[in-house]
Amino acid sequence: MARKQTRTTKRMLFTWLLLTGFIILLAPEKLTNRFQFAFARIFQWPLSMGRNVTLSARARYSIETNVVNRREYNQLQNHLANVIEQRDEAQKKLEKTAGLRIRYPLEGAKLVPVDVSTAFMSGSQCELIINRGGDDGLAEGQFVLGDNGIIGTICRVDRRSSQVKLITDPESKIAVKIEQSDAGMVMQGKGNNSAKIRLVSTKHKVKIGDIVRAVQKPGFLDSAMIVGKVSRCQKDDENPLLWDITVDPVFDLESLNIAAVIIMNPQE
Amino acid sequence: MRWLRFVLLLLIVTMLQADMVDIIAVPGFNIKPDLLLILLVFFATNYDMSEAIIASFIIGFAADIIVVGSSMGPRIISFGLFGSLLTQMHQVMAIRKMRYQSLAVLVTGILAGVFVSLLTFLKGQSTSANIYSELFGIPLYSAILGPFLFLPLGWWMRIKTKRSSRV
């Protein structure tokens with residue numbers, strides 16, 4: 001009798017736990033994501049420490065290829081200084097001719113520095129959890145910068161943490177343009193650290209190495225910014241009148257541990 | 001079951017799984033061991049049924065909570081289901097030898113992975129682009145690593161993982 005009762009209890013226990021699992025599965029994602037955010041927030045310190053250990057372990061292998069020598073660095077710094085001076089000169093001339101003050105890109109925008117707590121880089125998911133949220137003025141749709149390029153957009157905001165959908169995530173779609181062409185295009189993530197641009201007519205000239213930029217989006221981005229470079233460009237197998245373009249990000253998303261969120265119209 | 005030790009162990013393993021296992025991932029394929037799967041098989045083969053069922057569902061919950069942005073539930077259900085089935089099977093056939101523990105990790109990993117993909121698909125979310133490496137690569141890596149971790153796990157949980165000649 002007692003044995004039968006124990007077996008029934010075990011069966012009941014299993015049934016109740018399975019039922020709980022199904023309730024969680026069918027519950028709205030907004031609700032269940034709170035558990036995930038809470039975990040990322042509570043264990044933010046050990047998680048980011050673990051990530052730093054992983055990154056430093058990786059950096060040990062790639063240090064020789066990722067570092068430029070002092071001479072090359074100085075050349076790049078000098079080039080940057082010359083370009084800034086030329087831009088300022090051109091700006092002054094333009095302002096004199098037009099009689100209007102012209103705003104620099106991102107002028108008045110606020111860049112909120114963020115730490116990456118956790119990164120998910122599987123084939124179906126390329127996302128980051130950052131340590132700033134709604135309390136810091138972050139909102140859904142804002143662009144995230146990493147290594148001076150767009151790395152993704154904010155897709156979910158909690159009070160003190162947020163989720164960033166990277167440009168390589170299969171569900172990420174952003175409006176872009178390619179260096180040579182002014183036509184509007186949509187870039188969709190592909191997973192595996194790359195993205196695709198489809199439905200582009202072969203009339204447009206596209207070549208490997210062309211720079212891909214995210215286009216202006218009112219309230220979120222006021223000037224086009226780099227997102228990647230064309231790494232492969234061939235005619236679409238199904239429709240030879242269209243290009244099948246593969247884009248590689250210009251930054252190493254996996255080794256990113258600091259970023260910045262662009263807030264175009266800060267409240268303060 | 002020493003539940004306090006179980007909770008501490010689960011917290012540590014969950015955090016390791018969330019960020020640290022990338023260090024030992026197979027480069028290029030993103031294949032890394034699933035420490036929570038190893039933990040699931042360990043508890044399913046070393047504890048009595050009620051404790052193993054509860055542990056399986058809790059481990060499934062931990063596996064779901066670390067994948068921020070994905071829907072919660074598929075891992076709770078599949079880990080709970082296959083953990084419970086494994087512990088039931090263990091009542092009939094003890095899994096003590098390393099090669100059988102390894103096989104248990106592999107089979108449980110593949111079945112749980114297929115079930116997670118199915119539930120994710122039914123929920124209307126996209127499944128992984130490299131699904132084959134996730135379904136076979138991760139369980140295989142975990143199966144190779146798993147039995148070596150059973151000894152320290154047994155020491156931490158204060159149980160004897162005696163290897164008999166019985167299957």
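Read the figures in this text as sums done on the coordinates, not as results from a lab. This structure is a prediction, so every number in the text was calculated from the model and none was measured. Neighbour counts are summed over all protein chains in view; Cβ atoms, including those assigned to glycine, are modelled from backbone coordinates with ideal geometry.
Worth pointing out:
- Taking label positions 7 Å along the Cα-Cβ direction at both B:Arg5 and B:Phe29, the computed distance is 3.5 nm, reported to one decimal.
- Positive-pole candidate from B:Tyr132, A:Gly21, B:Phe6, dipole of the protein assembly as shown, charges at beta carbon: B:Phe6
- Each Lys and Arg Cβ is given +1 and each Asp and Glu Cβ -1; about its Cα centre, the range A:97-139 then shows a dipole of about 300 debye.
- Placing a pseudo-label 7 Å from each Cα along the Cα-to-Cβ vector at A:Met12 and A:Asp236 gives an inter-label distance of 6.0 nm.
- Computed FRET value (nearest 0.05) for A:Arg101 with A:Glu29, which takes r as the C-beta separation and R₀ as 60 Å: 0.85
- Sorted ascending by nearby beta carbons within 10 Å, beginning with the fewest, A:Ile245, A:Ile262 become A:Ile262, A:Ile245.
- Partners of A:Lys173 within straight-line reach, counting lysines whose Cα lies under 27 Å from its Cα and excluding those fewer than 8 residues away in the same chain: A:Lys30, A:Lys110, A:Lys165, A:Lys190, A:Lys196, A:Lys203, A:Lys205, A:Lys207, A:Lys217, A:Lys229, A:Lys235, B:Lys123.
- Among A:Glu127, A:Glu171, A:Glu29: highest mean-square fluctuation, GNM of chain A, C-alpha pairs under 10 Å: A:Glu29
- On Cα atoms only, tilt of A:70-98 relative to the major axis of chain A in degrees: 70 degrees
- Full-stretch length increase - A:Thr246, A:Ser181 - with 0.36 nm per residue and alpha-carbon distance subtracted: 21.8 nm
- GNM flexibility winner over chain A from A:Leu17, A:Leu25, A:Leu111 (Cα, springs under 10 Å): A:Leu17
- Rounded to 0.05, the FRET efficiency of the A:Ser194 and B:Asp48 pair, given R0 = 60 Å and the Cβ-Cβ distance, is 0.75.
- Inter-label distance, nm, simple model (7 Å from Cα along the C-beta direction), B:Met98/A:Ala109: 5.6 nm
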